[in-house]
Amino acid sequence: MKFSPALLARQVLLVALGELLTHTWVTAQEAVAGFLIGSTLGSLCGLLLWLSPGFASVVRPVMIAINAVPKIALAPLIIVWFGIGMEAKIAIAAILTFIESKARWA
């Protein structure tokens with residue numbers, strides 16, 4: 001990528017106006033909320049799998065099947081279900097975190 005003075009000026013303007021920091025803050029909120037929700041639900045699911053062999057025998061095949069689905073394929077479905085707002089981004093982060101955290105217990 002070539003250096004562009006116009007691009008540099010645009011970036012400096014975004015920082016100077018505070019717009020870049022505002023968007024960074026919103027993205028950080030979405031990521032942290034999704035991580036907290038996903039890791040909490042994943043930990044609870046893992047605990048249930050550990051405590052209940054009956055629950056594990058029923059849920060484990062479903063978990064393996066869900067883990068086989070490409071994660072990027074879930075994004076369009078989540079956008080259809082939740083829209084394009086903050087909720088969809090939190091849901092994507094939570095689902096990805098949940099899938100990865102419960103995959104460790106399977």
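I'd like to verify a number: residues in region 39-52 that are surrounded by 11 or more Cβ atoms within 10 Å (Cβ to Cβ) and farther than 16 Å from ALA94 by Cβ, how many?
Result for region 39-52: 5.
Given the criterion surrounded by 10 or more Cβ atoms within 10 Å (Cβ to Cβ) and either small (Gly, Ala, Ser) or more than 20 Å from the chain's Cα centre (by Cα) (or both), identify the matching residue among LEU74, LEU14, LEU36.
Numbers: LEU74 fails: either small (Gly, Ala, Ser) or more than 20 Å from the chain's Cα centre (by Cα) (or both); LEU36 fails: either small (Gly, Ala, Ser) or more than 20 Å from the chain's Cα centre (by Cα) (or both).
Sole residue among the options that is surrounded by 10 or more Cβ atoms within 10 Å (Cβ to Cβ) and either small (Gly, Ala, Ser) or more than 20 Å from the chain's Cα centre (by Cα) (or both): LEU14.
Yes/no matrix, rows are residues, columns are (1) in contact with a Phe, Trp or Tyr (Cβ under 8 Å, 6 or more places away or on another chain); (2) more than 19 Å from ILE99 (Cα to Cα); (3) in contact (Cβ under 8 Å) with a residue 24 or more places away in the chain:
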| position | (1), (2), (3) |
| --- | --- |
| LEU21 | no, yes, no |
| GLU30 | no, no, yes |
| PRO53 | no, yes, no |
| ASN67 | no, no, yes |
| LEU74 | no, no, no |
| ILE78 | no, no, no |
| GLY83 | no, yes, no |
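Could you list all residues from region 38-95 that are of a type in the set (Val, Ile, Thr) and in contact with a helix residue (DSSP H, G or I) (Cβ under 7 Å, 6 or more places away or on another chain)? Spell out the reasoning first.
In the first step, residues of region 38-95 are kept if they are of a type in the set (Val, Ile, Thr); the result is 40, 58-59, 62, 64, 66, 69, 72, 78-80, 84, 90, 92, 95.
Residues satisfying the conditions are VAL59, ILE66, ILE78, ILE79, ILE90, ILE92, ILE95.
A short reminder: the numbers here are calculations on the coordinates, not readings from a lab. Keep in mind it's a predicted model, so treat the numbers as computed, not measured. Note that we place each Cβ from the backbone using ideal geometry, even for glycine, and neighbour counts take in every protein chain shown.
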